[in-house]
Each structure stands twice: as C-alpha cells, then as structure tokens.
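Asks: To start, I am sharing the structure in question, which I have written as structure tokens.
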Amino acid sequence: MGSFNFPSSIDHRLLDKCPQTRHTLATLQTGWTAMFFLNPLLTIALSLTSLFWKPTRNCRCTSGSGCWPSDSEFKTLALKVSQPLIYPIPPATPCYDSAAGNCADVLAGWYNGAWRSDQPGAVEHSNYETYTFPNGAIQGCYLNTTLGIPCQQGSVPVIGVDARTPEDIQEAVRFATDHNLRLVIKNTGWVFT
C-alpha cells in the first residue's frame, strides 16, 4: 500500500512553523478589510476561521523534542501494525557508508522512478530530500560524495509504518493524532521512467 512516515526534527519545510503561521494569519486578517468590499460572505467565513484556530495544535511534535514519543510508545505501535516499523535513510547513504547498502545500486537507480519508490527515504525528486535553513545552509545527503559534505537526514522522515492493511493505516493515523505528529504519506503512485 504505502508507508506513513513521521518526519525528522529538521523537516521544517513540512512542518507548521507557529510564528510564521501566526504572521500569515495576521497578514490575512489585514487583507480581509479590503476583501470586505469585494465579497462580504467570503470575508465573514474567513474571519470566523480565526475564532476556531488553535495555534498549539498547528505546531507538530518533532524528533528530539520533549513531546516526541518514547521508544516504548513506538514499540507499542510496532505491536499494533502488521509489519516492522521502518527507519528511512536518505537514498544516497550507501555511497557514504557501505554498511547501509551498495553505492553501485544507488548510482544505477538514482534516476529510476521504480527504484526510488522502493526506497523508504526517497521521493520522486531528490531536491525534496534536502532541507534549506533560513540562513541558506542546506542539509541533505548528496549523490556526489566529492563535495566534502557529510550525509545528513535532511527532510527524510526518521521513522515510519509500512502500511499493508487498513488497520495499519488506522493505527498510524491514530498514533500521529495522539502524539501530534506530522504524517507524511508515501505511496508508489506514478512512475516517471
């Protein structure tokens, strides 16, 4: 079916950043005055959304945070799903650490959509596996090992559920909800080869 992943602590591109979310909401509220003259019903609907907005639930718990589930909580989840939990690594990792796999396989499959869909830590376009910090620094694991940059997790989730049954999906969603985790769904979907 697919996997449900719980992103790493530095997966900020996928996470709601509360200060930015609040700033965006404030910007929208300022713009709502101008929209009042264009569409009163839309303005009322958008204004009401701020009454029900709960900023504390928009900030998802991330790996390394105090709210991150304990090992025993992940072990309990593992007992409730049909497959062992997965621990995705960036797909280029074997080119940095031979214990993680065969670099020749990575080089052969890097641009192959079918190969990438079989790698829990890979996405269709490798640029989405990296993370760019606000200061411009980039964290990732590049195929070109001659850059002298260490292989890092980037935006690749740190743990996931290999969902094979509807019950696996229910458990993954329930666990993410109970622990306020961002849920990323990876499926095999389209193959562009």
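Asks: Is it the case that region 131-138 has a residue that's closer than 11 Å to Gly154 by Cβ, in contact (Cβ under 8 Å) with a residue 24 or more places away in the chain and touching a Ser or Thr at 6+ places or on another chain (Cβ under 6 Å)?
Replies: yes
Asks: Determine whether Trp68 is assigned to a loop (DSSP other than H, G, I, E, B) and either small (Gly, Ala, Ser) or surrounded by 16 or more Cβ atoms within 10 Å (Cβ to Cβ) (or both).
Replies: Considered against the rule, which asks whether it is assigned to a loop (DSSP other than H, G, I, E, B) and either small (Gly, Ala, Ser) or surrounded by 16 or more Cβ atoms within 10 Å (Cβ to Cβ) (or both), Trp68 comes out as yes.
Asks: Next question. Go through region 71-96 and report how many residues are more than 19 Å from Ser155 (Cα to Cα) and either assigned to a loop (DSSP other than H, G, I, E, B) or among the basic types (Lys, Arg) (or both).
Replies: The qualifying residues number 6.
Asks: Given (1) surrounded by fewer than 16 Cβ atoms within 10 Å (Cβ to Cβ); (2) touching a Gly at 6+ places or on another chain (Cβ under 9 Å); (3) within 26 Å of Arg60 (Cα to Cα), where does Asp178 come up short, assuming only one miss?
Replies: The failed condition is (2).
Asks: Using beta carbons and a limit of 9 Å, which pairs, at least six apart or on different chains, have the first residue in region 179-191 and among the hydroxyl-bearing types (Ser, Thr, Tyr) and the second one modelled with pLDDT under 85?
Replies: Thr188/Met1; Thr188/Gly2
Asks: Any idea which of (1) exposed (fewer than 13 other Cβ atoms within 10 Å of the Cβ); (2) of a type in the set (Val, Ile, Thr); (3) not in a helix (DSSP H, G or I) is the one Ile149 doesn't satisfy?
Replies: The single condition Ile149 does not satisfy is (1).
Conditions (1) under 14 Å from the mean Cα position of the chain (by Cα); (2) β-branched (Val, Ile, Thr); (3) on the phi > 0 side of the Ramachandran plot, marked per residue:
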site	(1), (2), (3)
Phe74	no, no, no
Gln83	no, no, no
Ser98	no, no, no
Val106	no, yes, no
Gly136	no, no, yes
Gln139	no, no, no
Ile149	no, yes, no
Gln152	no, no, no
Ala163	no, no, no
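Asks: Is it true that some residue in region 113-120 is modelled with pLDDT of 95 or more and either surrounded by 13 or more Cβ atoms within 10 Å (Cβ to Cβ) or not assigned by TED's automatic domain parsing to the domain that holds Arg164 (or both)? Give the steps one after another, and end with the answer.
Replies: Let us first name the residues in region 113-120 that are modelled with pLDDT of 95 or more, namely none.
No, every residue in region 113-120 fails to be modelled with pLDDT of 95 or more and either surrounded by 13 or more Cβ atoms within 10 Å (Cβ to Cβ) or not assigned by TED's automatic domain parsing to the domain that holds Arg164 (or both).
Asks: Continuing with the same structure: Looking at the structure I just gave you, is Leu107 part of a helix (DSSP H, G or I), more than 30 Å from Glu167 (Cβ to Cβ) and modelled with pLDDT under 90?
Replies: In short, no.
The values are calculated or read from the model by the stated rules, or taken from the named source; none is laboratory data. Remember, predicted model here, so these are calculated numbers, not experimental data. Every residue, glycine among them, receives a Cβ derived from its backbone with ideal geometry; neighbour counts consider all protein chains shown.
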